[in-house]
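Enquirer: Submitted below is the structure of interest, expressed as structure tokens.
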Amino acid sequence: MATIGEKAPVFALMDKNGKLVSLSDFAGQAVVVYFYPKDNTAGCTLQANTFKEYYSLIKKTGAEVIGISKDSTASHEKFAAKNDLPFILLSDPDQKIAAAYGVLKEKKLYGRNYLGVERQTFIVDEKGYIEQVMTKVKPAENAVDVLAYLEERRNINE
């Protein structure tokens with residue numbers, strides 16, 4: 001699992017438009033990387049729309065927002081268009097990046113065990129290190145918590 005103080009696992013994944021996006025593209029900038037299970041589900045839609053609501057305030061802190069799930073680029077394109085999402089969504093179809101960040105967990109549904117994404121958020125600092133890890137994320141509160149952390153961080157650094 002990616003932990004505070006460690007170099008963030010690097011990634012290069014396709015966005016909703018089929019453009020390759022790398023963590024290194026944001027060198028010198030803080031990045032909010034949030035992992036979510038699936039486009040167009042109730043919790044994930046709530047989480048994405050809350051990030052949309054707070055996106056301009058998060059950007060004012062100097063950070064970028066990136067959502068990652070195993071959904072296809074086409075799914076991300078539809079999800080982003082339907083919800084008018086202004087931030088980056090990346091496709092991790094083989095879940096290698098989710099595994100690198102340690103968010104793949106064994107889950108149980110209808111008596112069946114499977115490997116699924118646990119909703120978690122990572123704040124990567126300007127030098128590419130994990131600065132904060134948010135576990136047990138609540139979809140309606142995640143963006144608010146991220147913004148509060150980023151604003152406090154900015155106030156400390158000023």
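Enquirer: Scan the range 69-83 residue by residue and report those that are of a type in the set (G, A, S), in a helix (DSSP H, G or I) and either in contact with a Lys or Arg (Cβ under 6 Å, 6 or more places away or on another chain) or open to solvent by 40 Å² or more (accessible area, probe 1.4 Å) (or both).
Expert: Within the range 69-83, A74, A80, A81 meet the criteria.
Enquirer: Right, something else. Inside the range 84-149, counting only strands (runs of 3 or more DSSP E) that do not spill past its ends, which hold 1 or more residues that are farther than 25 Å from S72 by Cβ, over 11 Å from the mean Cα position of the chain (by Cα) and modelled with pLDDT of 95 or more?
Expert: Of the strands (runs of 3 or more DSSP E) lying wholly inside the range 84-149, those with at least 1 residues that are farther than 25 Å from S72 by Cβ, over 11 Å from the mean Cα position of the chain (by Cα) and modelled with pLDDT of 95 or more span 130-134.
Enquirer: I'd like the full set of residues that are at positive phi and either touching an Asp or Glu at 6+ places or on another chain (Cβ under 7 Å) or not polar (S, T, N, Q) (or both), limited to the range 24-60.
Expert: G28
Enquirer: Shifting gears a bit: Could you grab the pairs with beta carbons closer than 7 Å, sequence gap of 6+ or different chains, first residue in the range 132-143 and in contact (Cβ under 8 Å) with a residue 40 or more places away in the chain, second one open to solvent by 50 Å² or more (accessible area, probe 1.4 Å) and of a type in the set (A, V, I, L, M, F, W, C)?
Expert: As it stands, the answer is Q132/I4; V133/I4; P139/L46; A140/L46, since those pairs meet every condition given.
Enquirer: Filter the range 135-158 down to the residues that are polar (S, T, N, Q) and either closer than 18 Å to F26 by Cα or open to solvent by less than 50 Å² (accessible area, probe 1.4 Å) (or both) and list them by number.
Expert: Within the range 135-158, N142 is the sole residue that qualifies.
Enquirer: Identify, by number, the condition in (1) more than 19 Å from S56 (Cβ to Cβ); (2) without any contact (Cβ under 8 Å) to a residue 40 or more places away in the chain; (3) not charged (D, E, K, R) that N83 doesn't meet.
Expert: (1)
Enquirer: Filter the range 109-134 for residues that are open to solvent by less than 70 Å² (accessible area, probe 1.4 Å) and hydroxyl-bearing (S, T, Y) and give the result.
Expert: T121
Enquirer: Sticking with this structure for a sec: Would you mention how many residues in the range 22-59 are touching a residue at least 24 places away in the same chain (Cβ under 8 Å), open to solvent by 10 Å² or more (accessible area, probe 1.4 Å) and either within 15 Å of K127 (Cβ to Cβ) or in a strand (DSSP E or B) (or both)?
Expert: So the answer is 6.
The values are calculated or read from the model by the stated rules, or taken from the named source; none is laboratory data. Since the structure is predicted, the reported quantities are computational estimates derived from the model, not experimental observations. When we count neighbours, we look across all protein chains shown, and the Cβ atoms used for this are built from the backbone with ideal geometry, even at glycine. Protein only, heavy atoms only, side chains kept; ligands, DNA and RNA dropped before computing areas. Shrake-Rupley method; radii C 1.70, N 1.55, O 1.52, S 1.80 Å.
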